[in-house]
Amino acid sequence: MIQSRYIIFFVLFYLVSCSNLNFVYESKEDSKGYLYNKVEVKFMGREIPTAYKYSLRYFGSSDLPKYNMFISIEESTKKRSVQSNQAVSKLDYNLKFNYELISILDDGCTIFNKEIVSRFSYTPKSEGYNFGSDESLENMYELATKENFEKIDNFISLMEVLECNNES
């Protein structure tokens, strides 16, 4: 009898404590950015395969887009450390993403131009072909691209209204 009271007490306690849970995303629409499935993304410059994957994740795709987003990617490398035999032991990469959002509905007016730079360092292995080293470089590109897309998504979410920028 005493054990059944404890079981009933714990069950009631559990039900009461979990009854007022609020989820961060109340609906699917809240979980995506404002431009999700409203924009057509076009890439120029340096081709990074993971950029296509992350553009779909952050911007979706649409048959009837309201906006065009042009993303120009420029890459520069700098030798940070050179050994005595002139082999590079550390490289710094700068990936410059230039975003231009253009409204299709408002006669092609520019809503914003934004440049976001992502940086990473890489240590190449020069002892022949090294699959792990190549995979590591691809992972660095992927992390830099994801970070960059998160920044532009946050920038867009902070804008109160997407309207034409007449400062051109």
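The values are calculated or read from the model by the stated rules, or taken from the named source; none is laboratory data. Predicted model only: the values in this text are computed from it and were never measured. All Cβ positions, glycine included, derive from the backbone under ideal geometry; neighbour counts span all protein chains shown.
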Discussion item. I'm checking my understanding of the structure. Among residues of segment 46-73 that are under 20 Å from R119 (Cβ atoms) and surrounded by fewer than 15 Cβ atoms within 10 Å (Cβ to Cβ), which one is nearest to the chain's Cα centre (by Cα)?
Written reply: P49
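Which of the residues belonging to segment 21-45 are in a loop (DSSP other than H, G, I, E, B), out of contact with any Phe, Trp or Tyr (no Cβ under 7 Å at 6 or more places or on another chain), closer than 18 Å to S157 by Cα and modelled with pLDDT under 90? Even if it seems obvious, please write down each step before you answer.
Residues of segment 21-45 that are in a loop (DSSP other than H, G, I, E, B), as a first pass: 21-27, 32-38.
Now narrow it down to the ones that are out of contact with any Phe, Trp or Tyr (no Cβ under 7 Å at 6 or more places or on another chain): 21-27, 32, 34, 37.
Of the ones still in play, those that are also closer than 18 Å to S157 by Cα are 24-27, 32, 34, 37.
Once the filter is applied, which keeps residues that are in a loop (DSSP other than H, G, I, E, B), out of contact with any Phe, Trp or Tyr (no Cβ under 7 Å at 6 or more places or on another chain), closer than 18 Å to S157 by Cα and modelled with pLDDT under 90, segment 21-45 yields V24, Y25, E26, S27, K32, Y34.
When the residues of segment 149-165 are filtered to those that are within 13 Å of K114 (Cα to Cα) and not in a helix (DSSP H, G or I), which remaining residue is modelled with the highest pLDDT? Explain how you work it out, then say what you get.
So the first thing to find is which residues in segment 149-165 are within 13 Å of K114 (Cα to Cα), and the list is 149, 151-156, 159, 165.
This time we only want the ones that are not in a helix (DSSP H, G or I), so: 159, 165.
Working: M159: 83, N165: 75.
Applying the filter and picking the extreme gives M159.
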Worksheet item: Would you pick out the residues in segment 94-122 that are among the β-branched types (V, I, T) and either touching a residue at least 40 places away in the same chain (Cβ under 8 Å) or out of contact with any helix residue (DSSP H, G or I) (no Cβ under 6 Å at 6 or more places or on another chain) (or both)?
Response: I102, I104, T110, I111, V117
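Can you tell me which residue among I48, I8 is among the aliphatic types (A, V, I, L, M) and modelled with pLDDT under 90? So that I can check it myself, show each step before the final result.
On the way: I48 fails: modelled with pLDDT under 90.
Criteria check complete, one pass: I8.
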